[in-house]
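*Asks:* Handing you a structure now.
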Amino acid sequence: MTSKRPKQILLVTGISGAGKSTVLRTLEDLGWETVDNLPLLLLNRLLDTAPGDADDDRPLAIGIGTQTRGFDPENIVRRIKKLREEHGHDVGTLFLECSGAELERRYSETRRRHPMAQDRPAQDGIAHERELLTPLRSWANRLIDTTDLSANELAQQIRTTFSGAGLSDTVISVVSFGFARGLPRDADLVFDMRFLRNPHWDPALRPGTGKDPKVAAYIAADPAYPAAMAQIESLLLLLLPRYQAEGKAYVTIAFGCTGGRHRSVHVAERMAARLRGAGFSPTVTHRDTKTAPQDSLEGAPVTTAGGGV
């Protein structure tokens, strides 16, 4: 059986303290498979091994540094060439650079010892490591200087550069719920729909849910409905791209009403449809539609200006 290999491979290397761990964590959040400090003798074995899932074609990032067992920069360059020629892999090399003064400051602040200067000043280890990594730096087809970058800024640059189609998409969940049973624990945005008129007080509508056309029409007839829905839609379409740009992996949008059967369900369905129309792919969950209706939970019916309840 032919093994399905990753379509894209990225070797992440560079000066110790320049941000390799941040890069690998960010790539993992983007959906990449990541491996750090894999002994070089096992590199070819990893690449020749089929993933557990035959349909798993995630990109693969491999962290390599001077602390990697068997580290030999000249040999690494030869291996990269071989992987391209013999296996057809798209192999890139990202080298992380940083000034010596900034590296010394980072090691001083974290009180960590440089891996190549356990009993000497950090600057000695930095200089020695920089010399060892010269072949990889010259070979790398991508270079990022992190001297003036915070960890968050580096992560943002990695997200911008390496996010592939579908890999960095924020997972959006739309949830309806009843306040009588408490807030959803994982909600990021909560909208209270109890200002809309309540179908619970119409005996013909009470047994249904917000997914029923007659219930939906009753809710949509509320005078406040059009403006409120437009404002909520506008806010979501503003916020969701910003969340995605910041690398937020999950966003849960919760719509609540008293019992979680009518108003919240209808609005959740409407907003999910609007988001799909804008290019998002939300999943919809109605937490409390199977709960029993109860007058005492809904409170007294309120008469609106138009005479409805």
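The values are calculated or read from the model by the stated rules, or taken from the named source; none is laboratory data. What you are looking at is a predicted structure, and each value in this text was computed from that prediction instead of being measured. Neighbour counts run over all protein chains shown; Cβ positions are idealised from the backbone, glycine included. Ligands, DNA and RNA are stripped out before the accessible areas are found, and what is left, the full protein with its side chains, is counted by its heavy atoms. Shrake-Rupley method; radii C 1.70, N 1.55, O 1.52, S 1.80 Å.
*Asks:* How many residues are touching a Ser or Thr at 6+ places or on another chain (Cβ under 9 Å), within 18 Å of D57 (Cα to Cα) and of a type in the set (D, E, K, R) if we restrict to region 22-40?
*Replies:* The total comes to 2.
*Asks:* Of all residues in region 123-138, which are among the hydroxyl-bearing types (S, T, Y) and surrounded by 15 or more Cβ atoms within 10 Å (Cβ to Cβ)? Talk me through it step by step, then tell me what you get.
*Replies:* If we filter region 123-138 for residues that are among the hydroxyl-bearing types (S, T, Y), which is where we start, we get 134, 138.
Residues satisfying the conditions do not exist here.
*Asks:* Is it true that some residue in region 168-187 is of a type in the set (A, V, I, L, M, F, W, C) and closer than 30 Å to K20 by Cα?
*Replies:* Step one: list which residues in region 168-187 are of a type in the set (A, V, I, L, M, F, W, C), which gives 171-172, 174-175, 177, 179-180, 183, 187.
In the following step, the residues that additionally are closer than 30 Å to K20 by Cα were identified as 171-172.
There is at least one residue in region 168-187 that is of a type in the set (A, V, I, L, M, F, W, C) and closer than 30 Å to K20 by Cα.
*Asks:* Which numbered condition trips up Q118, out of (1) at pLDDT below 70; (2) exposed (fewer than 12 other Cβ atoms within 10 Å of the Cβ); (3) closer than 24 Å to L149 by Cβ; (4) of a type outside the set (D, E, K, R)?
*Replies:* Of the numbered conditions (1) at pLDDT below 70; (2) exposed (fewer than 12 other Cβ atoms within 10 Å of the Cβ); (3) closer than 24 Å to L149 by Cβ; (4) of a type outside the set (D, E, K, R), the odd one out for Q118 is (3).
*Asks:* Criterion first (outside any strand (DSSP E or B) and open to solvent by 50 Å² or more (accessible area, probe 1.4 Å)) does R159 satisfy it?
*Replies:* Working: outside any strand (DSSP E or B): yes; open to solvent by 50 Å² or more (accessible area, probe 1.4 Å): no.
For R159, the condition - outside any strand (DSSP E or B) and open to solvent by 50 Å² or more (accessible area, probe 1.4 Å) - is not met.
*Asks:* Restricting to region 12-25, and then to whatever is open to solvent by 10 Å² or more (accessible area, probe 1.4 Å) and on the phi < 0 side of the Ramachandran plot, can you tell me which residue is farthest from the chain's Cα centre (by Cα)? First the steps, then the outcome.
*Replies:* Our first condition is that a residue be open to solvent by 10 Å² or more (accessible area, probe 1.4 Å); within region 12-25, this holds for 16-17, 19-22, 24-25.
After this cut, where a residue has to be on the phi < 0 side of the Ramachandran plot as well, the list is 16, 20-22, 24-25.
Numbers: S16: 26, K20: 19, S21: 17, T22: 15, L24: 14, R25: 11 Å.
If we take residues in region 12-25 being open to solvent by 10 Å² or more (accessible area, probe 1.4 Å) and on the phi < 0 side of the Ramachandran plot, then S16 is farthest from the chain's Cα centre (by Cα).
*Asks:* Looking only at region 165-196, which residues are over 13 Å from V265 (Cα atoms), surrounded by 15 or more Cβ atoms within 10 Å (Cβ to Cβ) and at pLDDT 95 or above?
*Replies:* L189, V190
*Asks:* Taking only region 186-237 into account, find how many residues are touching a Phe, Trp or Tyr at 6+ places or on another chain (Cβ under 9 Å), within 22 Å of S173 (Cα to Cα) and of a type in the set (D, E, K, R).
*Replies:* Residues flagged as touching a Phe, Trp or Tyr at 6+ places or on another chain (Cβ under 9 Å), within 22 Å of S173 (Cα to Cα) and of a type in the set (D, E, K, R) within region 186-237 amount to 4.
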